[in-house]
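See structure below.
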Amino acid sequence: MTLKVIQWATGSVGREAVDCILDHPDLELVGCWVHSPEKAGKDVGEVLGIAPTGVITTTSVDEICAIDADAVMYSPLVANPKHVSALLRSGKNVVTPVGWFYPDAEQTRRMNEACEAGGVSLHGTGMDPGAITEVFPLIMSAMSKNVTFVRGEEISDIRGYGSPDVVRDLMMFGGTPQEAVGGPMLDLLDNGYRQSVTMITDALGLPRAAVRIERLLETAVATEPIDSPIGTIAPGHVAGQRFYWDAYVGDHKVARVGVTWLMGEENLDPPWDFGPDGERFDIEVRGTPDTVFSVSSWHPDTNDEGLDRNLGIVATAAHCVNAIPVVVAAAPGLRTSRDLPMITGKAHPTLLAAAGRG
Ligand SMILES: NC(=O)c1ccc[n+]([C@@H]2O[C@H](COP(=O)([O-])OP(=O)(O)OC[C@H]3O[C@@H](n4cnc5c(N)ncnc54)[C@H](OP(=O)(O)O)[C@@H]3O)[C@@H](O)[C@H]2O)c1
């Protein structure tokens with residue numbers, strides 16, 4: 001049975017999600033919400049510069065809620081719980097990379113009410129938060145006994161991320177260190193990474209009362225002007241950031257999730273770099289035995305390539321879209337990665353066609 005899916009927002013993640021939905025054998029695109037009025041009333045294909053889809057965009061939440069659909073892939077710039085609630089109450093399952101990965105009891109209660117009202121489920125996942133900071137480390141932890149430390153971390157050149165609004169206005173690159181520290185990113189990431197690190201310590205069986213979470217934001221500034229997709233970063237302004245959420249039991253660090261974003265490796269103070277292994281996502285489980293690996297194939301070879309199509313963003317969109325059939329099949333309620341069965345990708349359309357699924 002084909003599931004009817006609405007795409008909410010057509011930014012970097014949204015455009016890749018549309019691509020994933022169109023190629024998915026069990027999904028059909030039936031609606032699309034756009035933020036900018038100039039994108040409204042057009043075929044999604046026209047907005048994204050791809051072949052016509054027959055689906056017309058709208059800025060109206062009411063129109064989206066009125067569409068007969070099974071699920072919404074919700075990927076706006078920032079989460080609006082009222083919109084998500086309305087989607088759930090209108091009977092649409094929601095998957096999203098912008099929150100609800102492993103929320104606290106109060107957030108869960110509120111969203112469970114909306115899920116129950118609509119008879120549907122809500123699932124937050126993506127790359128990180130998501131696969132790198134929760135799913136991969138926890139799957140690998142199953143291969144060890146006596147786990148002592150778990151880590152999921154991104155190390156990236158942020159010049160290859162084609163969302164200038166996010167890089168400039170949320171991450172505050174190009175601002176002063178004080179602006180970055182006081183900016184929205186720490187709290188926005190806190191909403192995700194704190195949930196990831198809590199999922200890890202819960203899964204390891206550590207009582208929450210015994211776990212202390214410390215968060216850390218460090219900045220590096222440009223020592224010379226640095227060219228970037230958001231303009232030139234002036235000396236003394238932020239060109240590198242590290243965000244960590246560390247979980248401790250007593251003095252023992254038991255988990256770390258976080259990210260290092262740099263505007264390249266030159267002219268930074270402190271002189272941070274990507275390390276000998278370059279840009280990557282690290283997964284580390286210390287136990288008996290250890291498991292340590294890095295994913296480097298999600299990073300572009302060049303920043304221009306990343307701006308054109310960032311494979312980490314493709315991975316984020318794919319993880320959400322591939323989750324839709326599993327989320328639709330789940331019992332109503334907020335469903336985290338710990339609740340759901342295995343999520344998988346689907347074969348390439350040419351293989352599906354060759355196998356008789358045209
Ligand atoms: N969990 C993960 O692994 C993961 C990975 C990557 C991104 N994300 C998150 O996913 C979200 C989308 O990322 P992105 O890379 O697609 O960002 P983006 O390229 O900047 O796209 C943001 C989208 O939101 C729309 N928008 C702008 N202002 C808005 C507002 N005030 N209210 C609602 N929508 C608004 C934009 O509309 P217009 O196009 O009309 O301007 C655009 O479609 C971000 O919150 C990001 O942090 C999560």
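The values are calculated or read from the model by the stated rules, or taken from the named source; none is laboratory data. This is a predicted model, so every value here is computed, not measured. Every residue, glycine among them, receives a Cβ derived from its backbone with ideal geometry; neighbour counts consider all protein chains shown. Only protein heavy atoms, including side chains, enter the accessible area calculation; ligands, DNA and RNA are left aside. Shrake-Rupley method; radii C 1.70, N 1.55, O 1.52, S 1.80 Å.
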(request) Order the following by accessible area, largest value first: Phe173, Phe136. Probe radius 1.4 Å; ligands, DNA and RNA are ignored. (result) Phe136, Phe173
(message) Mean-square fluctuation check for the chain, GNM, Cα pairs under 10 Å: which of Arg151, Arg208, Arg335 is largest?
(response) Arg208
(request) Name the residue, out of Val95, Val292, Val18, whose mean-square fluctuation peaks in a Gaussian network model built on the chain with Cα pairs under 10 Å. (result) Val292
(message) Compute, for the range 128-307, the length of the dipole vector about the Cα centre, with Cβ point charges of +1 (Lys, Arg) and -1 (Asp, Glu) only. Units Debye, rounded to 20.
(response) 940
(request) For the range 215-283 and the range 298-350, compute the distance between their C-alpha centroids and round to whole Å. (result) 25
(message) Rg/Rh for the chain to two decimals, with Rh computed the Kirkwood way over all alpha-carbon pairs.
(response) 0.97
(message) Straight-line reach only, C-alpha to C-alpha below 16 angstrom: list the lysines that Lys92 could link to, leaving out same-chain residues fewer than 8 apart.
(response) Lys4, Lys82
(request) Provide the net charge surrounding Ala114, with neighbours chosen by a C-beta distance below 15 Å and charges set as Lys +1, Arg +1, Asp -1, Glu -1. (result) +3
(request) Starting from the exponent 0.38 and prefactor 2.2 Å, build the expected Rg for the range 78-167 from its residue count and divide its actual Cα Rg by it. (result) 1.34
(request) For the chain, build the charge dipole from Cβ charges (+1 Lys, Arg; -1 Asp, Glu) around the Cα centre, then report which of Ala239, Val78, Leu311 sits farthest towards its positive end. (result) Val78
(message) Step by step: find N for the range 128-307, compute 2.2 N^0.38 Å, then divide the Cα radius of gyration by it. What's the final number?
(response) 1.06
(message) Taking all protein chains in place and a 1.4 Å probe, what share, in percent, of the accessible surface of the chain do carbon and sulfur account for?
(response) 52
(request) Please give the contour-minus-distance gain from Asp26 to Glu38: 0.36 nm per residue of separation, less the Cα-Cα distance, rounded to one decimal in nm. (result) 1.2 nm
(request) For Lys346, list the aspartates and glutamates whose Cα falls under 16 Å from its own Cα; do not include residues on the same chain fewer than 8 positions away. (result) Glu16, Asp19, Asp23, Asp26, Glu28
(message) Which of Ile139, Ile343, Ile233 ends up with the largest GNM mean-square fluctuation for the chain, with Cα atoms connected below 10 Å?
(response) Ile139
